[in-house]
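One structure is given below, encoded as C-alpha cells.
The values are calculated or read from the model by the stated rules, or taken from the named source; none is laboratory data. None of these values were measured; they are calculated from a predicted model. With ideal geometry, Cβ positions are generated from the backbone for all residues, glycine too; neighbour counts draw on all protein chains shown.
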Amino acid sequence: MRLEGKTAIVTGSGSGFGEGIAKIFAREGAAVIVNDINEDGGQRVTGEIKDAGGRAAFVAADVTSGTETQSMVDQAVAEFGGLQILINNAGTAHKRKSMLEVTEEEIDRILAVNVKGLYHTANAAIPAMRSGGGGAVVNIASTAAVRPRPGLTWYNASKGAVTTLTKSMAIELAEDGIRVNAVNPVAGETPLLPTFLGEDTPENREAFRQTVPLGRFSTPEDVGNTVLFLASDEASLITGVCMEIDGGRCI
C-alpha cells in the first residue's frame with residue numbers, strides 16, 4: 001500500500017474529485033479525514049470507506065473559517081496521530097457568464113474558498129507537518145488556470161492564484177521537507193459541471209467534449225490516481241509541479 005501509515009486530509013471530499021481522492025487514499029492505506037460542508041455527502045463517503053475496510057473520520061469544517069480549519073487539523077492529529085498529507089480540493093465557481101455580470105458576493109465567495117481557503121489550511125496544517133518531519137500538499141487547481149476561456153473569468157483568476165501559490169509554497173516549504181504540487185483537471189462529472197457548462201444539456205456536453213483531444217471528461221478516478229502519485233513517496237523529488245489532467249485540452 002502506497003500510503004500506509006500516513007494520515008491525509010481531503011477537503012471537499014463529500015462528492016466529486018474529493019470523493020475519488022479520499023477513497024483511493026484509503027484503499028492505499030491512508031487514514032483519511034473526509035471534510036465537507038455537506039454533512040450528508042461527507043458522512044456517506046466516510047461510511048463507504050469504512051465499509052470497504054478503510055480508516056476514515058468525517059469533519060464538517062468550512063475552509064473559509066480559520067477556527068474550523070484548525071479544529072479539523074487538530075482532530076486529524078488527535079484521532080490518527082499526525083498529519084502527512086493535505087489535499088486542498090474544496091472549491092466553488094460562478095455560473096458561466098460575462099465577467100461584468102458576476103456579483104461582488106459571488107467573487108467574494110470564490111476567493112474565500114478557492115484562495116483564502118488555502119491560507120487557512122496552510123496555517124493549520126503546516127505546523128503539524130513540520131512537527132512530524134515533513135509531508136505533501138496537493139492543490140486542486142484547474143485547466144482554467146493555464147487555458148482560461150471566456151465566461152469564467154473570475155473563477156479562472158482564482159485558479160491561476162492556486163498555481164502561483166503552489167510554486168511559491170513549494171520553494172518556501174522545501175527546507176521543511178514539505179512538497180507542494182498541484183493538478184489541473186479538465187471539467188469532469190462533479191457537482192460543478194453544470195456551472196462550467198452554463199446549462200447542462202447534451203448539446204453543451206458534446207460541444208465541450210469535442211475540445212478535449214482524448215474525447216472525454218475527467219473522472220474522480222483520473223484525478224485521484226494522479227494525486228495519489230504526487231502525495232506518495234514515489235514523487236519524493238517532485239515539488240512545485242502543476243500537472244494537467246486534461247486529455248490534451250491545454251496543448
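State yes or no: is Gly240 outside any helix (DSSP H, G or I), more than 15 Å from the chain's Cα centre (by Cα) and farther than 29 Å from Met1 by Cβ? Spelling it out, it is not the case that Gly240 is outside any helix (DSSP H, G or I), more than 15 Å from the chain's Cα centre (by Cα) and farther than 29 Å from Met1 by Cβ.
Which members of region 151-202 meet the condition of being of a type in the set (Val, Ile, Thr) and out of contact with any Leu (no Cβ under 8 Å at 6 or more places or on another chain)? Thr153, Thr163, Thr164, Thr166, Ile171, Ile178, Val186, Thr190, Thr195, Thr201, listed by residue number. Of the residues screened, Thr121 is not one that is under 22 Å from Cys242 (Cβ atoms), at pLDDT 95 or above, surrounded by fewer than 21 Cβ atoms within 10 Å (Cβ to Cβ) and not aliphatic (A, V, I, L, M). When you look at Arg209, is it surrounded by fewer than 18 Cβ atoms within 10 Å (Cβ to Cβ) and farther than 30 Å from Ala78 by Cα, yes or no? Yes.
Restricting region 28-69 to residues that are polar (S, T, N, Q) and buried (at least 22 other Cβ atoms within 10 Å of the Cβ), which is nearest to Gly14 (Cα to Cα)? Talk me through it step by step, then tell me what you get.
First, the residues of region 28-69 that are polar (S, T, N, Q): 35, 38, 43, 46, 64-65, 67, 69.
Remaining after also requiring buried (at least 22 other Cβ atoms within 10 Å of the Cβ): 35, 46, 69.
Numbers: Asn35: 7, Thr46: 8, Thr69: 16 Å.
It comes out as Asn35.
Just one of (1) part of a helix (DSSP H, G or I); (2) acidic (Asp, Glu); (3) out of contact with any helix residue (DSSP H, G or I) (no Cβ under 7 Å at 6 or more places or on another chain) fails for Glu221. It is (3). Among the criteria (1) under 15 Å from Phe17 (Cβ atoms); (2) in contact with a strand residue (DSSP E or B) (Cβ under 9 Å, 6 or more places away or on another chain); (3) in contact (Cβ under 8 Å) with a residue 60 or more places away in the chain, the one Thr195 does not fulfil is (2).
Rundown of residues vs (1) surrounded by fewer than 23 Cβ atoms within 10 Å (Cβ to Cβ); (2) at pLDDT 95 or above; (3) part of a helix (DSSP H, G or I); (4) hydrophobic (A, V, I, L, M, F, W, C), yes/no style:
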site	(1), (2), (3), (4)
Ala136	no, yes, no, yes
Asn139	no, yes, no, no
Ala144	no, yes, yes, yes
Arg149	yes, no, no, no
Asn156	yes, yes, yes, no
Ala161	yes, yes, yes, yes
Lys167	yes, yes, yes, no
Ala170	yes, yes, yes, yes
Glu175	yes, yes, yes, no
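For region 177-193, filtering for residues that are under 30 Å from Glu206 (Cβ atoms), in a strand (DSSP E or B) and at pLDDT 95 or above leaves 4.
With respect to (1) of a type in the set (A, V, I, L, M); (2) under 22 Å from Gly12 (Cα atoms); (3) touching a residue at least 60 places away in the same chain (Cβ under 8 Å), the lone exception for Ile171 is condition (2).
Yes/no matrix, rows are residues, columns are (1) small (Gly, Ala, Ser); (2) assigned to a helix (DSSP H, G or I):
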site	(1), (2)
Gly14	yes, no
Phe17	no, yes
Ala22	yes, yes
Gly42	yes, yes
Glu68	no, yes
Ser71	yes, yes
Ala78	yes, yes
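Sub-8 Å Cβ pairs linking a first residue in region 212-239 that is touching a residue at least 40 places away in the same chain (Cβ under 8 Å) to a second residue that is of a type in the set (Ser, Thr, Tyr) and crowded, with 22+ Cβ neighbours inside 10 Å, at least 6 apart or interchain, are Pro220/Thr190, ordered by first then second residue.
From the list Ala56, Ala128, exactly one residue is at pLDDT 95 or above, touching a Leu at 6+ places or on another chain (Cβ under 9 Å) and closer than 30 Å to Glu4 by Cβ. Which is it? Answer to the selection: Ala128. When region 215-251 is filtered for residues that are among the basic types (Lys, Arg) and surrounded by fewer than 16 Cβ atoms within 10 Å (Cβ to Cβ), only Arg216 remains.
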